[in-house]
Amino acid sequence: GPQSIMLSDLNAVRAAHIILASSSPRRVDILNNVMDLRARVVPSTFEEDLVKADYTPAGYVQENARQKALEVYRRLCAAEAPPSLVIGADTVVVADDKILEKPRSTEAATVMLSELSGRSHQVLTGVALVYGAAYGAPPTEDSFAEMTEVDFASLPPELIDAYVASGEPMDKAGS
């Protein structure tokens, strides 16, 4: 698994050329505000078109994260010096061993929340680290996935409707 970092190493980490291959406000906040890593945000253009049936849910989020990080790494290597580290991430919700995607409509968000109401589900996040290449050499790649079990209370339909109407669930895996 990932190694813990010593606080004394944080200054060296902060001085590195760290790239976050995501525009997720939550990920930016964690890296730059909570951890103060001063990562540069370069959203990936990877299509996220992997065939889910070819992967376990953990494998799927890790491969999406890897492809996002590699796309940004390669793009930056072609335009400038190789970055010290590119971090890619992907999150999905899994219910009944099925991956639930970000809802594409308010109707889809309402259906998804109704199906999750009163049940437990898993939130899986894959993280990929691409780093350390000399010019022309392939980079090192590491990835891992973390799973969180979530128990949802029973949500009355009017609460689901109000939440969906707020727009809040539209950019999140599993609403």
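Taken together, the values in this text are just the output of simple stated rules run on the coordinates, not laboratory data. In this text, all values refer to a predicted model and were calculated from it rather than measured experimentally. Glycine also receives a Cβ, built like all others from the backbone with ideal geometry; neighbour counts cover every protein chain displayed.
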*By what distance, in whole Å, do the Cα atoms of the chain stretch along each of the three principal axes, largest value first?*
55, 35, 29
*Once amide H atoms are placed 1.01 Å from N in the peptide plane, what residues at a sequence separation of 5 or more from VAL41, or on another chain, have their amide H within under 5 Å of its amide H?*
LEU20
*Roughly what would the spin-label model give for ALA81 and HIS17, points 7 Å off Cα along C-beta, in nm?*
0.5 nm
*For labels at ASP54 and ARG38 in the simple 7 Å Cα→Cβ model, what's the distance in nm?*
4.0 nm
*Per-residue ellipticity at 222 nm for the chain, helices alone: DSSP H runs ≥ 4 residues times -39500 (n - 2.57), over residue total, nearest 500 deg cm²/dmol?*
-9000 deg cm²/dmol
